[in-house]
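The values are calculated or read from the model by the stated rules, or taken from the named source; none is laboratory data. Computed from a predicted model, the values in this text were never measured in an experiment. Virtual Cβ from ideal backbone geometry, glycine too; neighbours counted across all protein chains shown. Heads up: the accessible areas ignore ligands, DNA and RNA and are worked out on the full protein's heavy atoms, side chains in. Shrake-Rupley method; radii C 1.70, N 1.55, O 1.52, S 1.80 Å.
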Amino acid sequence: MDELFEAILSLENQSEARRFFRDLLTKKELIELSQRWRVALMLHKKVPYTKIELETGMSSTTIARVHRWLKRGAGGYRLIIKKMESDK
């Protein structure tokens, strides 16, 4: 996994990231990851589960799992959200 993370860290912009992840993942996997990220952002903004379900099509089980990781995971979601907020 370290080699994968090093490869990701070497990406310089969104275009490079888009190309790399499109080759690495199937379209379905990429959509799933994108949706989980969207759910994490919505949960961070305190959007209710029902609205998240309607807007993303994700199941309440997946939303609950993302919420659990957001609150008690390794801190990755919170780290990136914080970085993105400070960049604004």
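Once every DSSP H run of n ≥ 4 in the chain is given -39500 (n - 2.57) and the sum is divided by its residues, what mean residue ellipticity at 222 nm do you get, rounded to the nearest 500 deg cm²/dmol?
Roughly -24500 deg cm²/dmol at 222 nm, from the helical runs in the chain.
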Of the accessible area of the chain, computed with a 1.4 Å probe and all protein chains kept, carbon and sulfur make up a percent value of 56
About its Cα centre, the stretch 25-86 carries a charge dipole, from +1 on Lys and Arg Cβ atoms and -1 on Asp and Glu Cβ atoms, whose size in debye to the nearest 20 is 260
Percent relative contact order for the stretch 12-78, counting Cα pairs under 8 Å at least six residues apart, stands at 23
Any lysines whose Cα falls less than 18 Å from that of Lys45, other than same-chain ones fewer than 8 residues away, would be Lys71, Lys82, Lys83, Lys88
Filtering trypsin sites (Lys or Arg not before Pro) in the stretch 13-75 by DSSP loop and by at most 15 other Cβ atoms within 10 Å leaves Lys45, Lys46
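What number comes out for accessible area per residue over the chain if the probe is 1.4 Å? Units Å², please.
80
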